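Written below as C-alpha cells is the structure these notes are about.
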Amino acid sequence: MVWRVLVFACLTATAHAMPYAFDYDGEPAKGLDEAPVMKTIRDDAEAKKVVREWTSPDGRLRLRSTETEYRRFPVTEYVPELVCTGDAPTEIVDDFRSLCLTRPSARTVLRALHGTVNTDRDFAPETPVLGVGKGATNRYEMVAAEGRSSAQWMPWWGVDFDSGDGLEVGLGWTGAWRADFAADGRALAMSAGMVKTHFRLVKGETIRQPSLLVFRRAKGVTPRQMQTVIHRFMVDVKSPRDRKGELIHGISAITAGGGNKTPAMMKKIIDWKVANRMPFDCFWVDAGWNGPAHMPDLISNCGNMWYNFTGDWRFNPTVHPDGDLGKVADAAHAAGMRMLLWME
C-alpha cells in the first residue's frame, strides 16, 4: 500500500499552507483526501492548541500533529508524531519532512547562520538569494550532519519574500538535520527534517519527529525588529520557570576538565571556591573522564584524543581510580553546589 502524506497546517487564514511530507510503503502517492480528526485541547487568552490526526488506509499508522497558535505572538508551533495503531508493524516510513512548504516568490533572500565546527567561519551569516536576478541561485542546502544540531548550521533561519513579508523557522531537533531550498523564479520550495528517516513502527510505538516554530513576519516589519519579537517570545513563553512563575536563570558553573584532573585535584578547586566565597551553583566536570585506562597529556584539561572515547561510560582508571566521582559530588554538595557530568 502506498500512502504519500501532505498534511496542510495553515499558518493563518490567509497564509500559505505548511505541510508535513513523507513516503509510506515505498513511493509517493496522490495525497491524503480525508479530513483529519481534530480536537481542541487548549483555548485561552494565551494560545489555542489543537491535535489533528490522520490514519493510513491500512489502519496501522497514524500521523498526529499538535499545533499551538500563540495569541500574543505571530507564531505557530508544530509537533508531529507517528503512531502504530494496528496489531501488525507499519510499512516503512521514509524521508519524513517536518517542513515542506511552497510559497510564491520570484526572488527570496535566505538568512542563515553557520554553526560551530571550530573554524573562523563559526556563526558567520549567509544570505544567499534564490530565484531570479543577479547573483541568484536555484538551489541551496544546509546540512548539520555531525549529530549536533548546531554544528555546521544553526537550526534557525529566515526567508524574506519579494512581497515584503517573511518567515522565521526554528527546527526543534538535537541531532542531525537538513534543510533544502529550491526556486524556479516563480516560487520558493522549502523542506526540512532529519537527515535520514527510514523505519517502521511496531505495535504500541510512538515516535516524534522534529518540531517547528514558525514566525510570520508581516510587511513593514524588518528582520531586525522581528528578532526582538522572537526574543520576547522565548523569554515569555519558552524559558523555564519555577513554581512561583519566576524565570530559572542559567547555571553559574565552575568547571574542571575530566581528563587530567583527579578527584583530589577537583576537591582542591571546590575548596578554593568555598575559601573565596565564589557564588558558583554548579561544579561541572567536563570531557575526558571516560574510556579505558590511558594517560592523558598534562596540557589539555580534557586530555589528548578525548573525543575517541565519547560514548564509553567507563571512568578512565588512570585518572579516576575509584571508578566514579562520588567523593567529588559529595564535596560539591557540601559546598552548596549541584554536580554536572558532561557526556556525549
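The values are calculated or read from the model by the stated rules, or taken from the named source; none is laboratory data. Keep in mind the model is a prediction, meaning the values are calculated, not measured. Positions of Cβ are backbone-derived with ideal geometry, glycine not excepted, and every protein chain shown enters the neighbour counts. Surface areas here come from the heavy atoms of the whole protein model, side chains and all, with no ligands, DNA or RNA. Shrake-Rupley method; radii C 1.70, N 1.55, O 1.52, S 1.80 Å.
Look at (1) under 30 Å from residue 56 (Cα atoms); (2) open to solvent by less than 10 Å² (accessible area, probe 1.4 Å); (3) within 17 Å of the chain's Cα centre (by Cα) and you find that residue 77 fails only one, number (2).
Where strands (runs of 3 or more DSSP E) fall wholly inside segment 121-229, the ranges with 2 or more residues that are closer than 23 Å to residue 109 by Cβ are 129-131, 139-144, 156-160, 166-172, 177-183, 187-194, 211-217. Consider segment 249-279 and keep the residues that are over 30 Å from residue 238 (Cβ atoms) and either in contact with a helix residue (DSSP H, G or I) (Cβ under 7 Å, 6 or more places away or on another chain) or in a strand (DSSP E or B) (or both). The one that is most open to solvent (accessible area, probe 1.4 Å) is 267.
Residue 247 passes every criterion in (1) touching a Ser or Thr at 6+ places or on another chain (Cβ under 7 Å); (2) within 30 Å of residue 293 (Cβ to Cβ) apart from (2). Pairs meeting the criteria (first residue in segment 196-222 and closer than 17 Å to residue 91 by Cα, second residue of a type outside the set (Val, Ile, Thr) and open to solvent by 70 Å² or more (accessible area, probe 1.4 Å), beta carbons under 6 Å, at least 6 apart or on different chains) are 203/87.
Here residue 116 clears all of (1) in a loop (DSSP other than H, G, I, E, B); (2) at pLDDT below 95; (3) buried (at least 16 other Cβ atoms within 10 Å of the Cβ) except the condition numbered (3). Restrict the check to segment 215-235 and report whether at least one residue is open to solvent by less than 20 Å² (accessible area, probe 1.4 Å) and aliphatic (A, V, I, L, M). Yes.
Condition check ((1) without any contact (Cβ under 8 Å) to a residue 24 or more places away in the chain; (2) assigned to a loop (DSSP other than H, G, I, E, B); (3) buried (at least 17 other Cβ atoms within 10 Å of the Cβ)) across all residues:
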| site | (1), (2), (3) |
| --- | --- |
| 42 | no, no, no |
| 50 | yes, no, yes |
| 83 | no, no, yes |
| 89 | no, yes, no |
| 100 | no, no, yes |
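Residue count for segment 131-170, restricted to those that are touching a His at 6+ places or on another chain (Cβ under 9 Å) and open to solvent by 50 Å² or more (accessible area, probe 1.4 Å): 2. When each of 177, 173 is tested for being among the aromatic types (Phe, Trp, Tyr) and either open to solvent by 40 Å² or more (accessible area, probe 1.4 Å) or without any contact (Cβ under 8 Å) to a residue 24 or more places away in the chain (or both), the lone residue that passes is 173.
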